[in-house]
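Shown next, in structure tokens, is the structure this report addresses.
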Amino acid sequence: MADFRLPTDNIVRPDKDRFFNEENPFEAMMQRLDRAAKLLDLEPGIYKVLRSAEKEITVSIPVMMDNGEVEVFTGIRVLHNTSRGPAKGGIRFDMNVTLDEVKALAAWMTWKCAVVNIPFGGAKGGVICDPLKMSVGELERVTRRYTSGIIQTLGPDSDVPAPDVNTNERVMAWLMDTYSMHVGHTVNAVTTGKPVEMGGSLGRREATGRGVMITTVQALEHLKMEVKGATVAVQGFGNVGSIGAQLLQQAGCKVVAVSDRTGGWHNPKGIDVDDAIAYVKKNKTLEGYGKGEAVSNAQLLELEVDVLVPAALENVITTKNAKNIKAKVICEGANGPTTAAADEMLDEKGIFVIPDILANAGGVTVSYFEWVQNRGGYYWTEQVVNDRLRDIMVNSFREVLKLSMQHKVNMRTAAYMVAISRVATVHRLRGIYA
Ligand code: GLU
């Protein structure tokens, strides 16, 4: 039997007004795009194309709730750019979903796929809802109605969703089933991050955390810091944070702090990550874990550690707390955890940031492997998946690092430069259809 975790498990909500308008996420993405575009001397035409999303869909989702009343939710799907291949990107269920946020996340997916050089464009979706307050039946009805609302864009050659915040394998199974019912036959390549029993890839669930571990180890080695005993604090104990922490511990690091939406625990002697995962499996959250000193999510970010892994939501490292961050390496497991305005402050402090579009690209890389396996109808062993993932992550890290040293820019700007030049090259080759 598949081990389904509830989509609502282990979601960190460090700060409910986390956007507090320091940066709108779309603007934050644009600022980084601008910086890299200038350095690349990008021609104005392509620059204009890259600033806008190809398609934005908003649908209303009427759902019969368990109490017999109809609730209407709003669903969004944005396709930012499909020049390099089908649109790819997750779907999140969250009360804070906005069109601007989804647009930013869709563009990030374009850059992410290009940084690791997989043949996809970028997309993102979201439904404004509070899955913590919904039953499994309500979640299923929301998923199916949302899927049928955006069905025109979906398809293995056009738009391929995946899990994201508060969605998981089970949600992808409902999405795949709904799509397949509409077209009249089973199409498992319409989504990735599915249960293994129905065409999901081995290693997909662990892939983002594995990428976080691989890039962190690369960074420590580059900085000539010992991997063994390097202290790590991880914010977020969902799919990315918990597995990232577990694999970093297996690589020899000392995980000294973990947190989820209920708060965190700090133990300078080290936290047994397997034990914390087992606790969360039983108790749903880290609340009451108790093996260490209780810390807030904000305090965790400022701990004296070698590596900080923000693996929860956007905009947790801002101009308000960047100056207090003591980590030497930040590995962005989440999408957009650092505001654009905080980038410079981290640079001034000499902190080595592995940017989100590189650090958390392990997930979409194995999504690509899943799509390839589905289309070929031939399935790989977990070892093959993990080895191919490692090759892609290590090569991408080295490529970005090389460019960052050549141009004397930080890793984020270098990653954007790699990504934008790949997307721009395809636009130049394809030309403008008129
Ligand atoms: N939601 C994940 C991300 O932000 C995975 C996307 C995918 O696999 O398509 O990278």
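The values are calculated or read from the model by the stated rules, or taken from the named source; none is laboratory data. Computed from a prediction, not measured in an experiment: that's the story for all the values here. Note that each Cβ is placed from the backbone with ideal geometry, even for glycine, and that neighbours are counted across all protein chains shown.
Residues are listed down the side, and each one gets a yes or a no for (1) hydroxyl-bearing (Ser, Thr, Tyr); (2) modelled with pLDDT of 95 or more; (3) more than 16 Å from the chain's Cα centre (by Cα):
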{"residue": "89", "(1), (2), (3)": "no, yes, no"}
{"residue": "92", "(1), (2), (3)": "no, yes, no"}
{"residue": "100", "(1), (2), (3)": "no, no, yes"}
{"residue": "108", "(1), (2), (3)": "no, yes, no"}
{"residue": "120", "(1), (2), (3)": "no, yes, no"}
{"residue": "128", "(1), (2), (3)": "no, yes, yes"}
{"residue": "134", "(1), (2), (3)": "no, yes, yes"}
{"residue": "146", "(1), (2), (3)": "yes, yes, yes"}
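Which one is surrounded by the fewest Cβ atoms within 10 Å (Cβ to Cβ) among residues in region 360-399 that are polar (S, T, N, Q), part of a helix (DSSP H, G or I) and near the ligand (Cβ under 10 Å from one of its atoms)?
Among them, the one singled out is 365.
Yes/no per residue for (1) within 16 Å of the ligand (Cβ to nearest atom); (2) over 24 Å from residue 210 (Cβ atoms); (3) at pLDDT 95 or above; (4) crowded, with 18+ Cβ neighbours inside 10 Å:
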{"residue": "286", "(1), (2), (3), (4)": "no, no, yes, yes"}
{"residue": "295", "(1), (2), (3), (4)": "no, yes, yes, yes"}
{"residue": "309", "(1), (2), (3), (4)": "yes, no, yes, yes"}
{"residue": "314", "(1), (2), (3), (4)": "yes, no, no, yes"}
{"residue": "342", "(1), (2), (3), (4)": "no, yes, yes, yes"}
{"residue": "349", "(1), (2), (3), (4)": "no, yes, yes, no"}
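In this structure, does residue 116 turn out to be in contact with a strand residue (DSSP E or B) (Cβ under 7 Å, 6 or more places away or on another chain) and aliphatic (A, V, I, L, M)?
No; evaluated as a whole, the condition is false for this residue.
Taking region 78-96, which residues are more than 11 Å from the ligand (Cβ to nearest atom), buried (at least 24 other Cβ atoms within 10 Å of the Cβ) and farther than 17 Å from residue 54 by Cβ?
Within region 78-96, 93 is the sole residue that qualifies.
Only residues in region 407-434 that are under 14 Å from residue 45 (Cα atoms) count as the first member; pair them with residues that are among the hydroxyl-bearing types (Ser, Thr, Tyr), Cβ under 7 angstrom, at least 6 apart or cross-chain, and list the lot.
Pairs that qualify, where the first residue is under 14 Å from residue 45 (Cα atoms) and the partner is among the hydroxyl-bearing types (Ser, Thr, Tyr), are 423/83; 423/110; 426/83; 427/83; 430/83.
I'd like the full set of residues that are charged (D, E, K, R) and within 11 Å of the ligand (Cβ to nearest atom), limited to region 97-124. If you could, list the steps in order and put the result at the bottom.
Our first condition is that a residue be charged (D, E, K, R); within region 97-124, this holds for 100-101, 103, 112, 124.
The answer is 112, 124.
Return yes when residue 192 is over 22 Å from residue 84 (Cα atoms), within 12 Å of the ligand (Cβ to nearest atom) and under 15 Å from the mean Cα position of the chain (by Cα) and no when it is not.
no
Can you run down the residue pairs with Cβ atoms below 8 Å, 6 or more apart or on separate chains, where the first is in region 36-61 and at pLDDT 95 or above and the partner is of a type in the set (Phe, Trp, Tyr)?
Every condition considered, the pairs that remain are 36/416; 37/47; 59/146; 60/73; 61/73; 61/146.
Working carefully through the options 392, 420, 432, find the one that is under 12 Å from residue 112 (Cα atoms) and either out of contact with any strand residue (DSSP E or B) (no Cβ under 9 Å at 6 or more places or on another chain) or of a type in the set (Ser, Thr, Tyr) (or both).
420 is the lone residue from the list that is under 12 Å from residue 112 (Cα atoms) and either out of contact with any strand residue (DSSP E or B) (no Cβ under 9 Å at 6 or more places or on another chain) or of a type in the set (Ser, Thr, Tyr) (or both).
What is the one condition in (1) over 20 Å from residue 190 (Cα atoms); (2) in contact with a Phe, Trp or Tyr (Cβ under 9 Å, 6 or more places away or on another chain); (3) in contact (Cβ under 8 Å) with a residue 60 or more places away in the chain that residue 110 does not satisfy?
(1)
For the condition free of Cβ contacts under 8 Å to residues at least 12 places away in the same chain and aliphatic (A, V, I, L, M), what is the one hit in 245, 257, 278?
After ruling out the rest, the residue left standing is 278.
Taking interchain pairs and intrachain pairs at least six residues apart, which have beta carbon atoms under 6 angstrom, with the first residue in region 217-229 and at positive phi and the second surrounded by 11 or more Cβ atoms within 10 Å (Cβ to Cβ)?
Filtered contacts from region 217-229: 229/254.
Does region 151-187 hold any residues that are away from the ligand (no atom under 16 Å from the Cβ) and not β-branched (Val, Ile, Thr), and which are they?
Passing the criteria: 152, 174, 177, 180, 181, 182, 184, 185.
Taking region 277-333, which residues are in a helix (DSSP H, G or I) and within 21 Å of residue 254 (Cα to Cα)?
Correct list: 277, 278, 279, 280, 297, 298, 299, 300, 301.
Test each condition in (1) within 15 Å of the ligand (Cβ to nearest atom); (2) small (Gly, Ala, Ser); (3) in a helix (DSSP H, G or I); (4) more than 24 Å from residue 390 (Cβ to Cβ) for residue 148 and report the one that comes out false.
For residue 148, the exception is condition (1).
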